[in-house]
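None of the figures in this text is laboratory data; all of them are computed from the coordinates on show. Not measured: the values here are computed from a predicted model. With ideal geometry, Cβ positions are generated from the backbone for all residues, glycine too; neighbour counts draw on all protein chains shown.
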Amino acid sequence: MDKLIITGSPAGRANIPDPPDMSDPETQAQAVTDAHNAGASVAHLHGALLPSADGERQPDLEHWGAVTRLVRERSDIVVQYGVAVMKPKGRKSLLTLGPEMGSFLIGHHDILSQHGPLSSISTLDEQRESAQYHQEAGVLAETEVWHQGNYWNFNQLIDTGHLVAPHFATLFFGWPGGNWTPTTPQELQSRIEGLPEGTQWTVSAKGPDQINMHAMAIMLGGHVRLGFQDNPDLHPGVPAKSNAELVERIVRLARDMGREVATPSDVRAMLNLPRRPL
């Protein structure tokens, strides 16, 4: 069984008293550093978005660059850019900053975020365009799978050569909104069975069953994503003091279950990072 990849996703405004301001580059970078020291090997980063003339918000490259620079100055953690709802042209400009992975939407996005409803449609043509930009930049597309329907587009993009192996997918469960799916063993097993052959997969789950979903992922050979963006609770109703504390719990669980935790170097070897542009 492969070593466990732990992705830290700290850039959410957790439902705790006086939450840290993850829009501040220093604060987000320190949270990532602490998570790395606790055992995380991938950092899911968020940066600021700016309004544009066409109505689509564009990445603030200065802000994203500042976060990335601070993170890389402090550790060798794998850098993964978030905000999968970004349109292709915005993503193209963001990829010039050199992340190793980038979130990739293969359908619609319909959730209730900490800032309210978040809804976006990514057409198959937009997915092809964005996938091509990822390939040209040598960046691995971290494919978001919210439900079974996403596999239609996933397979279409593989068949046309827009996504090339090895693949990495994040499976989402329990997030409120139109993309909600149950946090159950049956749903997880069904989602695993639909994955393209050889895909490495990680679980992001909301709600009190998060730890159960993570335990199943560890047992079945998958990976885990956690952090204040996903779920701030260390135990139901008991928020963690930090993102690092959430990572520490998963590391203990993995070791108790006999699963070795991956280092950033392990992740780069497993996922062929950094990729070479085609």
A student applying the Cα gyration tensor rule (rounded when a/c is under 1.5; otherwise prolate if a/b is larger than b/c, oblate if not) would label the range 106-189 prolate
By Cβ neighbour count within 10 Å, fewest first, 144, 197 rank 197, 144
Label zone at residue 265 (point 7 Å along Cα-to-Cβ), backbone N below 19 Å, the range 48-87: 72-79
How far apart, in nm, are two points set 7 Å out from the Cα along the Cα-to-Cβ line at residue 160 and at residue 62? 3.7
Report the equivalent ellipsoid semi-axes for the range 1-142 in whole Å, largest first, defined as the square roots of five times the eigenvalues of the gyration tensor built from alpha carbon atoms. 24, 19, 15
Sort 133, 81 by Cβ crowding within 10 Å, fewest neighbours at the top. 133, 81
Fully extended contour minus Cα-Cα distance, from residue 241 to residue 21, at 0.36 nm per residue: 77.8 nm
Using alpha carbon centroids, what distance separates the range 81-95 and the range 112-170, in Å? 11
Highest to lowest packing among 219-228, 235-244, 59-68, scored as the average C-beta count within 10 Å: 219-228, 59-68, 235-244
Sorting check: for 118-131, 24-37, which peptide has the highest mean count of neighbouring beta carbons within 10 Å, and how do the rest follow? 24-37, 118-131
Where the only charges are on Cβ atoms (+1 Lys, Arg; -1 Asp, Glu), what is the dipole of the chain about its Cα centre, to the nearest 20 debye? 300
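Give me the percent relative contact order of the chain, please, defined on Cα pairs under 8 angstrom at least 6 residues apart.
Rounded, it is 24 percent for the chain.
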